[in-house]
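Following: one structure in structure tokens, then a few remarks.
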Amino acid sequence: MKRSCCSQGWRSILRFKNKNMLVFLVIMLLIALTGCSSTESTPEQGKPQTIELKLAHFFPGTHPAETELVQPWAKAVEKATNGQVKITSYPGETLLKADAIYDGVVNGIADIGLSCFAYTRGRFPVLEAFELPGITYNNSKVASKVAWEGIKQLNPEEVQDTKLMMVLTTGPGDLFTKVPVRNLNDLQGLEIRATGLSAKTLEMLGATPVAMPQSEAYEALSKGVVQGNLSPVEVLKGWRHAEVTDYLTLTPFLYNTLFFITMNLDQWNSLSPDVQKAIEEVNEKYFQEVAMGLWDKQNESALKWAVEEMGMEVITLAEEEKERWIERVKPIQDQFVAKMNEKGLNGQEILDTVKSLAEKYNQEYQ
């Protein structure tokens, strides 16, 4: 009888312990599950970290390069990458000076940069082909398309240290003068504001180039220090040069400035293939729909204002006269070919590539 009571007592104790142990295990399991759930929902592990990129450029914050290209493009990149890539623009040289932007991107001071290749002349010898005089571009659509497609074909070593997003151009520049220029004789000795390759071009044509930044040209024209300027037509309104010049000679074979939007290579390589693909799709869309014709819109508006509001006279060179100008600047092309050959590159092939693409896209974009 005693043994039976003891047995029942031990069984009761064991049942009690087992029951408590089961409750304990259930509680621990719930805590573990709750912990796992909490860990999975933390931002660091639950979704990809946002990559914030700094974009440096020299245009004012009100310029179409910022308002119509950079800002919408940055928002499109953020949307296409589901918020994984966020781009903040620093316009007006607030992060880097214009001539330091490319190297700033290479060195990681800026993640992305927009500037001119020509601001560091000599650094991009092959790309100078797209700014050579003597090649006609109907508009900025043509010039931009030629440059972007040409760079893809030539794949020059000089731009392999960053990831090019796209390039774009001003397209042709024209002569704005205080006196009419209808032929080469009218240009002889005329003091014209110009810099870089444009100065060399005008010198070959017999003019006297005067180097100065665009910001000083208005005053120089108003005081007669110079008699003209070689620039994109947008300058007539944007810098109000139509107020201090009276004649516009169309010279679509003298001038073209090439801009880049490029990204630090390490930053680019750190992105996943899916994110890279999404960004490249946005790049192509914005190049086609915005960048390649950005200067055309400004040029058209400025020309309309200059002619209708300021009474400027537009001069179109006769075909024979135009050929005389082109023949005069041909030595600059020859010098380019020779310089490329010295570097072990096929200079004639590079030049022919640019000319062939220009001919093709002049037909497509009249």
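The values are calculated or read from the model by the stated rules, or taken from the named source; none is laboratory data. None of these values were measured; they are calculated from a predicted model. Please note: Cβ atoms are built from the backbone with ideal geometry, for glycine as well, and neighbour counts cover all protein chains shown.
The figures follow:
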read-out	value
Single unsatisfied condition, Thr201 versus (1) farther than 21 Å from Glu300 by Cα; (2) assigned by TED's automatic domain parsing to the domain that holds Ala100; (3) in contact with a Leu (Cβ under 8 Å, 6 or more places away or on another chain)	(2)
Selection count, region 257-275, where residues are surrounded by 15 or more Cβ atoms within 10 Å (Cβ to Cβ) and modelled with pLDDT of 95 or more	12
Any hit, region 244-253, residues being within 27 Å of His63 (Cα to Cα) and at pLDDT below 95	no
Filter pass, Thr177 being buried (at least 17 other Cβ atoms within 10 Å of the Cβ), more than 21 Å from Lys343 (Cβ to Cβ), touching a residue at least 12 places away in the same chain (Cβ under 8 Å) and under 14 Å from the mean Cα position of the chain (by Cα)	no
Residue check for Glu321: over 23 Å from Glu131 (Cα atoms), in the same structural domain as Ser198 (by TED's automatic domain parsing) and either aromatic (Phe, Trp, Tyr) or in contact (Cβ under 8 Å) with a residue 60 or more places away in the chain (or both)	no
Candidate set from region 309-366 (those that are of a type in the set (Lys, Arg) and under 15 Å from Gly150 (Cβ atoms)); member that is surrounded by the most Cβ atoms within 10 Å (Cβ to Cβ)	Lys355
Matching residues, region 180-201, being without any contact (Cβ under 8 Å) to a residue 40 or more places away in the chain and either part of a loop (DSSP other than H, G, I, E, B) or within 29 Å of the chain's Cα centre (by Cα) (or both)	Gln188, Gly189, Leu190, Ile192, Arg193, Ala194, Thr195, Ala199
Entirely in region 243-361, the strands (runs of 3 or more DSSP E) that have 1 or more residues that are of a type outside the set (Gly, Ala, Ser) and under 22 Å from the mean Cα position of the chain (by Cα)	258-264
Residue within region 83-92 that is of a type in the set (A, V, I, L, M) and within 15 Å of Gln267 (Cβ to Cβ) present	yes
Region 79-113, subset closer than 25 Å to Gly196 by Cα and touching a Pro at 6+ places or on another chain (Cβ under 9 Å), residue surrounded by the fewest Cβ atoms within 10 Å (Cβ to Cβ)	Gly92
Selection status of Glu149, touching a Lys or Arg at 6+ places or on another chain (Cβ under 8 Å), among the charged types (D, E, K, R) and not in a loop (DSSP other than H, G, I, E, B)	no
Subset of region 219-237 (residues that are touching a helix residue (DSSP H, G or I) at 6+ places or on another chain (Cβ under 9 Å) and either assigned by TED's automatic domain parsing to the domain that holds Gly293 or within 17 Å of Thr195 (Cβ to Cβ) (or both))	Leu221, Val225, Val226, Gln227, Gly228, Asn229, Leu230, Ser231, Pro232, Glu234, Val235
Selection status of Pro213, under 23 Å from Phe260 (Cα atoms), in contact (Cβ under 8 Å) with a residue 12 or more places away in the chain and surrounded by fewer than 17 Cβ atoms within 10 Å (Cβ to Cβ)	yes
Residue within region 68-90 that is among the small types (Gly, Ala, Ser), part of a helix (DSSP H, G or I) and without any contact (Cβ under 8 Å) to a residue 60 or more places away in the chain present	yes
Among residues of region 215-226, those that are more than 23 Å from Phe58 (Cβ to Cβ) and among the hydroxyl-bearing types (Ser, Thr, Tyr), counted	1
Residue match in region 120-143 (condition: over 18 Å from Leu357 (Cβ atoms), in the same structural domain as Asp99 (by TED's automatic domain parsing) and not in a loop (DSSP other than H, G, I, E, B))	yes
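Residues are listed down the side, and each one gets a yes or a no for (1) within 24 Å of His63 (Cα to Cα); (2) touching a Cys at 6+ places or on another chain (Cβ under 9 Å); (3) of a type in the set (A, V, I, L, M):
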position	(1), (2), (3)
Glu158	no, no, no
Leu164	yes, no, yes
Ala194	yes, no, yes
Gly206	no, no, no
Pro213	yes, no, no
